[in-house]
Amino acid sequence: MAGPDLDELVGRAREGQPRAVARLISLIESDTGSSPQVADIARALTPYTGRARVVGLTGPPGVGKSTSTSALLTALRGEGLRVGVLAIDPSSPFSGGALLGDRIRMTEHATDPGVFIRSMATRGHLGGLSWATPQAVRVLDAAGFDVVLIETVGVGQSEVDVVKLADTTVVLLAPGMGDGIQAAKAGVLEIADVFVVNKADRDGADATVHDLKQMITLARRELRGPSWRQPIVRTVAAKGEGVDEVVSALRTHHEWLVAHGELDRRRAARAREEVAAIALRRLHAELADLRHGDRLGELAARVVARELDPFAAADQLIGELKDS
C-alpha cells in the first residue's frame, strides 16, 4: 500500500480511529522483511512521533503482568491520558498467532475510546518482544496516545529487549518466587527503572523487598555520576492497591530522564538499535535470495572440497551482497 490510500489510512489513524490504527499494525505484522510497505508506513508516520511516553512491563511468569497492566490503564485513564497497550504473547507453533489474548483479559477497557489494546505474537523472536513492536509503537505514538504500555511475554531473564524500546522499564516480581530474584540477578535487575512487588499481601513480601534493596545498594556502589535510584513499589494489582504509587514513580522517572538528558540518550540508542535491526533483516532477506539461487550452496560445496575456508566463503558472500 502506498500513495493516496496510505495517506488516507495514516490520516484516519492520526485522528485516533481504532480501525485505522489496527489496520496499520496488521500491515506491519504481515511484513516478511522484503515488502516496502512497512518503510512507506514508517516514512508517513515519523513526522508525527516523539511525544508518547513508552513504558515496558516485564518480569518472570506468574507475577501478574496483565493484571498490573490493566490496573495501570485504569489509573492513567483516571488522569485523562490516552493509553495504547501492546501485549506481546507467545506464538502458536501452528498458526503463528498469539496464544493468550490480553484483549480478553482487559475487556473492561474494550469500549473506552481513549484506550487501544493489541495482542502481538512474538513469531519466534527472542527477548520477550515481537520484531514488529517498534513499528507498532510508532503507529500508536503518531495516533496521539500519551502513554504506550508494552507488556512482554513473561519468559524471565531473556526479556531484556524491552529496555531497547521503552523510556521507562518496570520489572515486576512477586513474593514466594525464589527464581524471580534469581532472574533479576541474571539480567532483568540491570534494566529496571522501577521495581514493583505485586501480590504484596502475601507472605514473603517483606523479604522480597529486602532482597531488592540489597541488590540495588550493591549495584549503586559501582556507579559514578548522577544516577537514578530505582524505587520499589508494593502493589496488589488485583485490588488496585499501590497502583497510584506506580504511576507517580513513572512520572518522577520521566521527569528525571528529561532533567538529565537521559531521555534523548535512550531514544537515540533506540533509533540505533532499530536501524541496525532493519539493516540486518534486509541483509537476511537478500541472503535468503542467494540461498534460493543456490549461490550459498556453491560456496558451501567449495568449503567441503577444501577450496575455500568458511571465512573466505563468507567474505565472498558479503562482497556479493554489497555489490547487489
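Couple of notes before you dig in:
- Among residues of the range 212-224 being open to solvent by less than 60 Å² (accessible area, probe 1.4 Å) and not polar (S, T, N, Q), the one that is modelled with the lowest pLDDT is Ala219.
- The number of residues in the range 37-61 that are within 19 Å of the chain's Cα centre (by Cα) and either more than 18 Å from Trp131 (Cβ to Cβ) or in a strand (DSSP E or B) (or both) comes to 14.
- Selected residue (criterion: modelled with the lowest pLDDT) from residues of the range 303-324 that are of a type outside the set (Asp, Glu) and surrounded by 13 or more Cβ atoms within 10 Å (Cβ to Cβ): Leu321
- Taking the range 47-61 as the range and being among the hydrophobic types (A, V, I, L, M, F, W, C) and either farther than 14 Å from Ala142 by Cβ or without any contact (Cβ under 8 Å) to a residue 24 or more places away in the chain (or both) as the test, the residues that pass are Val55, Leu57.
- A count restricted to the range 62-89 and to residues that are open to solvent by 50 Å² or more (accessible area, probe 1.4 Å), assigned to a loop (DSSP other than H, G, I, E, B) and touching a helix residue (DSSP H, G or I) at 6+ places or on another chain (Cβ under 7 Å) stands at 0.
- Complete set of residues in the range 243-265 that are acidic (Asp, Glu) and surrounded by 14 or more Cβ atoms within 10 Å (Cβ to Cβ): Asp244, Glu245, Glu262
- Summed over the range 239-295, residues that are at positive phi and without any contact (Cβ under 8 Å) to a residue 12 or more places away in the chain total 2.
- Count of residues meeting criterion [out of contact with any strand residue (DSSP E or B) (no Cβ under 9 Å at 6 or more places or on another chain) and surrounded by 13 or more Cβ atoms within 10 Å (Cβ to Cβ)] in the range 270-288: 11
- Among the residues making up the range 26-61, those that are more than 19 Å from Ala271 (Cα to Cα) and open to solvent by less than 50 Å² (accessible area, probe 1.4 Å) are Ser26, Leu27, Glu29, Asp31, Ser35, Gln37, Leu57, Thr58, Gly59, Pro60.
- Qualifying position, being more than 30 Å from Arg229 (Cα to Cα) and at pLDDT 85 or above, among Ala300, Ala277: Ala300
The values are calculated or read from the model by the stated rules, or taken from the named source; none is laboratory data. Remember, it's a predicted structure, so these values are computed and weren't measured experimentally. FYI the Cβ positions are ideal-geometry reconstructions off the backbone, even for glycines, and counts take in every protein chain you see. Accessible surface is based on the protein model in full, side chains and every heavy atom, while ligands, DNA and RNA are left aside. Shrake-Rupley method; radii C 1.70, N 1.55, O 1.52, S 1.80 Å.
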